[in-house]
1. If you plug each phi of the range 385-394 into the Karplus form 6.51 cos²θ - 1.76 cosθ + 1.60 with θ = phi - 60°, what whole-Hz ³J(HN,Hα) values come out, in order, with x for Gly and Pro?
2. If a/c stays under 1.5 just call it rounded; otherwise compare a/b with b/c (prolate if a/b is bigger, oblate if not). Do that for the range 202-347, with a ≥ b ≥ c from the square roots of the Cα gyration tensor eigenvalues.
3. Quick one: which residues, 5 or more positions from ALA68 or on another chain, have an amide H under 5 Å from its amide H? H modelled 1.01 Å from N in the peptide plane, none for Pro or chain starts.
4. Taking amide H atoms as placed 1.01 Å from N in the peptide plane, list the residues 5 or more away in sequence, or in a different chain, whose amide H sits under 5 Å from that of LEU173.
5. With the contact rule set at Cα under 8 Å and sequence spacing of 6 or more, what percent relative contact order holds for the range 1-86?
6. Calculate, in whole percent, how much of the Cα-Cα pair population of the range 334-434 lies beyond 16 Å.
7. Rounded to the nearest 5, what % of the DSSP beta bridges within the chain are antiparallel ones?
8. Once phi is turned into ³J(HN,Hα) by the Karplus curve 6.51 cos²θ - 1.76 cosθ + 1.60 with θ = phi - 60°, what whole-Hz value does each residue of the range 140-155 show in order, with x for glycine and proline?
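Here, each number is a calculation from the coordinates, and none is a lab measurement. No experiment lies behind these values; they were computed from the predicted model shown. Here the Cβ positions follow ideal geometry from the backbone for every residue, glycine too, while neighbour counts run over all protein chains shown.
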Amino acid sequence: MKKDFLWWRDGIIYQIYPRSFADSNNDGIGDLPGITNKLDYLQDLGIDAIWLSPIYPSPDVDFGYDVADYTGIDPKFGTMADFETLVKEAKKRDIHIVLDLVLNHTSDQHPWFIESKKTEDNPYHNWYLWLYPKSDGEPPNNWTAIFGGSAWEFDPKLGQYYYHMFYKEQPDLNWRNSDVRQAMLDVFRFWLGKGVDGFRLDVFNAYFKDAAFRDNPPKWGIRAFDRQEHIHDVSQPEMIPLLGEIRAILDEHPGGYAVGETFLANPSQTAAYCGENKLHAAFNFDFAENRWHPKRFLDSAEKWYGALEPGAWPNNFLSNHDKVRAASRYCFGEDDRRAKVALAMLLTLKGTPFIYYGEEIALRDIPIRKKSEVLDPIGKTFWPFFKGRDGCRAPMQWTSGRNAGFSDAKPWLPVHKDYVERNVVNQAAQADSVLMFFKRLVALRKSEPALQRGDFKALTPDPHTYLAFERSLAADRLVVLLNFSSREVQAALPEGKWQAIFGRDGEFENSLDLAPYQVVILKQK
Ligand code: NOJ
């Protein structure tokens, strides 16, 4: 079966936030050699690819998502030689590298923008979206920035406004300019040439905006950003042919891959970007936003599968660098039982699992208590209603030693105080830890192709306590039972004889009892 293995479909993709994974030079910030040092850990974990949040030179207004050079490495993360070593060492361990490409906007410190704002006839002026004010001096239209305020920033020297969907330090590029388009396609080629296998495309459906810059219509909402329908500033039809061009470049590299972060899109809009001549995958936020209820997750998963065109492969995630971690959302205190069920769901549902660093030890968000401690600028802007994204970006917890073994220096964000207990070393020594549970399940997934690419059938159409589904491939039939409840429940089994292969021993017919939060996987005999 190994020969049919396709890494981005059958494997597991692990997201690393490089600032917070492992600090090799003890400056308090994680780096590339730190990641390389942990490749044996990642291989042992059983993951097949790492997605690195941005590693390019950046002034860090948005912690790497404001890029000042698309083909460089930020010195705080190391050198290009360090990156090449990481790629080489990862390949030795069958680990693929996925880079985060932030191509909707640059940093305002990018040389292109610095040129762009010099004069109106500068060759780079038209690389960004500059417009004159309305006759009353107001911004060119009503578009708002998701990070607060108008999306237009006035430059008194030029007498023009430039557009930014995010911070004002992140000017949006003009993708209708063919020079921009070519420069960006070259970025894909550059990194593929360095041995990268895939890309995560940051807010790709925002690249194009309405050519006539029409106002967005109003709607009800609390924040200014939500008080308009975003029909002219995102999701323009020009994206589809561009995806075709990107796909053609990726297809020249065996196993080349792209997963898109769709911005402000529902599952069917997101699914429309996936498939032939388009992206391999995109993120389904609907799934990640569910409250703890099996029917919610089942409905989201089925909606997602139904929306994708035949041949497009789903993916699933619960946590990332922008969201409160799944363990913080779902678990009570330090009780990890729900975190195990959530991980089991990711590893067994149909779709490539995306795991966020630390999810394998059920890392929790660090508490954000004071505005003065917030580093993420949106946390300052929207305090106290939204405290920013620092919580889910705290250092990985490796050991019970100083700074959880992340760094000898003071880490850029505090380590969660539970690290003395919750860390990789401790969990590796406890058979019932989240980490060991995760590893056992990954090993099972590897040995059962039906769990990787099998068909999916729900067995409980209206689940309230436990989720039950079947994964089948050729002659193999597996049943997955996930008890979401704190009660013992009896699960009905499909006809036949079933051998437990995870979570239990023995053979079952008709039904079996699930302990609270128990995960059981069975295989038809
Ligand atoms: C989405 C990224 O995930 C987020 O971290 C970032 O702030 C915005 N895009 C802007 O690049």
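1. Couplings: 6, 9, 9, x, 10, 4, x, 8, 10, 6 Hz.
2. Oblate is the answer for the range 202-347, as a/c is 1.5 or above yet b/c matches or exceeds a/b.
3. Sorted by chain and number, the residues that satisfy this are SER58, SER107.
4. HIS105, THR106
5. On the way: 125 pairs, mean separation 24.3, N = 86.
Reported as a whole number, the value is 28 percent.
6. 62 percent
7. So the antiparallel bridges in the chain amount to around 60 percent.
8. Running phi through 6.51 cos²θ - 1.76 cosθ + 1.60 with θ = phi - 60° gives x, 7, 8, 5, 10, 9, 5, 8, x, x, 5, 8, 10, 10, 8, 10 Hz.
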